[in-house]
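These notes concern the structure reproduced below.
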Amino acid sequence: MAYSTSYKIATIDLSTYVRYNTNDIQSARNVRGDTIVSTVQNIGSEGNYGASVFLNLPFSKKFSLSGSADFTIVSWKKQFSRPIHQCPNQGLVQNYRLSGSYKFSRVLNSSSSSFFQGRNINLQGYRTNPTQP
C-alpha cells in the first residue's frame, strides 16, 4: 500500500508492505570440527513487514535533495518436529539513503549519493557487513 503527495515544494511518498514465505530456501552454516560448512536448506518460514518513506526537495531549478528510509521487521521460524531444534530469529532492518544534484548548465550536472545499511537479520543471527554472504 502506498501514498504519495506534494506539499509546497516537497514530494513525499509513504509505503508499507508484507511478504510471507513458507518453505523458504536460505543458506545455513554448520560447524563440523574446525570447519564451517555452508549449505542451503528449507528453513521453514520468513515474514517481512515493512514501511518506507521518500522525500524530494527541489530547492531551486538547479539544486535538489532526496532522502529515503526503509524499516523492515524480519521474522524467521525454522520448522522441525522436535521443539529443541526450533531456532526462531527476528529483528529490525534499517536502510537510509541521501542524494543531491546540482545542474550547472543544460549539459552539465553533478550528483552525489550516500547510504547506510543497517544489520541484516538471518536465521542464524545477523550480519553487519553487507558484502558478506
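The numbers here are math on the coordinates, done by the rules we state, and not lab data. Only a predicted model underlies this, so the values are computations on that prediction, with no experimental measurement involved. Positions of Cβ are generated from backbone atoms using ideal geometry, with glycine treated the same way; all protein chains shown enter the neighbour counts.
Fewest first, what order do VAL93, VAL53, VAL31 take by the number of other Cβ atoms within 10 Å?
Numbers: VAL93 17, VAL53 13, VAL31 8.
Least crowded to most crowded, the residues run VAL31, VAL53, VAL93.
Within the shell defined by Cβ-Cβ distances under 14 Å, the residues around VAL40 carry a net charge of 0, with Lys and Arg each +1 and Asp and Glu each -1.
Between SER6, THR39, VAL18, the Cα set farthest toward the positive side of the dipole of the range 2-127 (charges on each charged residue's Cβ, about the Cα centre) is that of SER6.
What is the range 2-127's relative contact order, in percent, from Cα pairs under 8 angstrom and six or more apart in sequence?
Computed over the range 2-127, the figure is 19 percent.
P(r) tail for the range 2-127, what percent of Cα pairs lie past 22 Å? Tail of P(r) above 22 Å: 55 percent of Cα pairs. Taking 0.36 nm per residue of separation and subtracting the Cα-Cα distance, full extension of the segment from VAL53 to SER101 would add 15.3 nm. Here VAL31 and PHE71 are evaluated by their C-beta separation; at R0 = 35 Å the FRET efficiency comes out at 0.60.
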